[in-house]
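The structure under discussion appears below in the form of structure tokens.
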Amino acid sequence: MSDKVSDKIPLAGVIGAPISHSQSPKLHGYWLNRYGIKGHYVPLHVEQSDLKDVLQTLPKMGFVGANVTIPHKETVLSLADIVTDRAALIGAANTLIFRPDGKLYADNTDGYGFVENLRSNANWDPKSGPAAVLGAGGAARAVIASLLEVGVPEIRLSNRTRTRSDVLRSEFGTKIVVCEWVNAADMLDGVATLINTTSLGMAGQPELKLSLDRLSSKAVVTDIVYTPLRTGLLKRAAEMGCQTVDGLGMLLHQAAPGFERWFGQRPDVDEATRNFILSA
Ligand code: ATR
């Protein structure tokens, strides 16, 4: 492929397996079209055994970067030349840049997306009180890292499998207070932000059965799930008078920094973007 072609038409994509469910091609395609940018963003089904080769080949084909999703978000760190501090802290990357000097740069914008979603959709002061985080998987790691970065005074963490929360506490430090899963409702006293990072409440999964009796109506409640948009948790919290924020905005905001780096335009994350993604 000639340099001329690759210089003029930047390519990016999302690497994962499976990849057909990913909303990223639709989102980036929408922004490319909206801003009249001559570029392409494609889904790339890549098996684990091929990841290294693919990452070496893509830049030669005119790719300027990529998003990374399951199951490669952790593995890709060991293949990158430059890993941002936040990606190292989270232990995973979701955004890659194939730099002109040949170096592979890996970043993680999930935590940024999480915080921006709350900032732009709620009257949210992260410093006003403790946060309660449900779940201790990959998503929780990004959420916890970003909450600490914006100055949350304390994070109460509860997960079905206790050892996973203990690991996060040992990694992220003393602001993390681990609570037993069976007693999770008790940790909601005085909480300013409640975040569900588990898969409970997602379409096809059981609902999260957590009593909200001890949660203040001043709390901001969010779910990283966005199928359905209004999970049982968000509906119950809204009925109590809490501000609620669905998880779709996190997906939209985490994508914006990559789009800007690859295509040279900071995209708007607005109602039109959201409506496009929600359209069939
Ligand atoms: P992700 O990377 O999306 O966070 P994950 O690592 O599979 O995915 O984590 C899923 C989270 O949902 C975990 O916190 C998991 O709890 P365990 O660590 O005990 O597995 C939580 N989860 C999934 N199903 C659950 C259920 N039925 N009850 C309670 N927690 C559940």
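Structure notes:
- Net charge over other residues, Cβ less than 12 angstrom from the Cβ of Tyr105 (K, R count +1; D, E count -1): 0
- Calculated SAXS-style log₁₀ I(q)/I(0) at q = 0.17, 0.20 Å⁻¹ - region 112-266, Debye, Cα scatterers: -0.95, -1.31
- Positive-pole candidate from Gly190, Leu134, Met240, dipole of the chain, charges at beta carbon: Met240
- In straight-distance terms, cross-link reach from Lys127 covers every one of the lysines whose alpha-carbon lies under 26 Å from its own, apart from those fewer than eight places away in the same chain; here that gives Lys175, Lys218, Lys235.
- Tensor-based shape of region 234-280 (alpha-carbon gyration tensor, a/c under 1.5 rounded, otherwise prolate or oblate): prolate
- Cα-based reach from Lys52 at 23 Å (exclusive), listing lysines while leaving out same-chain residues under 8 positions away: Lys60, Lys73, Lys103
- Relative to the dominant Cα principal axis of the chain, helix 138-149 is inclined by about 80°.
- Tail weight of P(r) past 23 Å, computed on alpha-carbon pairs of region 33-159, percent: 42
- Compared with the alpha-carbon gap, the fully stretched path from Lys218 to Asp53 is longer by 54.4 nm at 0.36 nm per residue.
- By the rule of a C-alpha distance below 16 Å, with chain neighbours fewer than 8 residues away ignored, the aspartates and glutamates paired with Lys209 are Glu180, Asp186, Asp223, Glu239.
- Projected over all directions and averaged, the alpha-carbon convex hull of the chain occupies 14.7 nm².
- Sum of -39500 (n - 2.57) over DSSP H runs of 4+, divided by residues of the chain (222 nm, nearest 500): -10500 deg cm²/dmol
- Solvent-accessible ranking of Lys8, Lys218, Lys73, largest area first, probe 1.4 Å: Lys218, Lys8, Lys73
The values are calculated or read from the model by the stated rules, or taken from the named source; none is laboratory data. Quantities reported herein were computed from a predicted structural model and do not represent experimental measurements. Please note: Cβ atoms are built from the backbone with ideal geometry, for glycine as well, and neighbour counts cover all protein chains shown. With ligands, DNA and RNA removed, areas are computed over all heavy atoms of the protein, side chains included. Shrake-Rupley method; radii C 1.70, N 1.55, O 1.52, S 1.80 Å.
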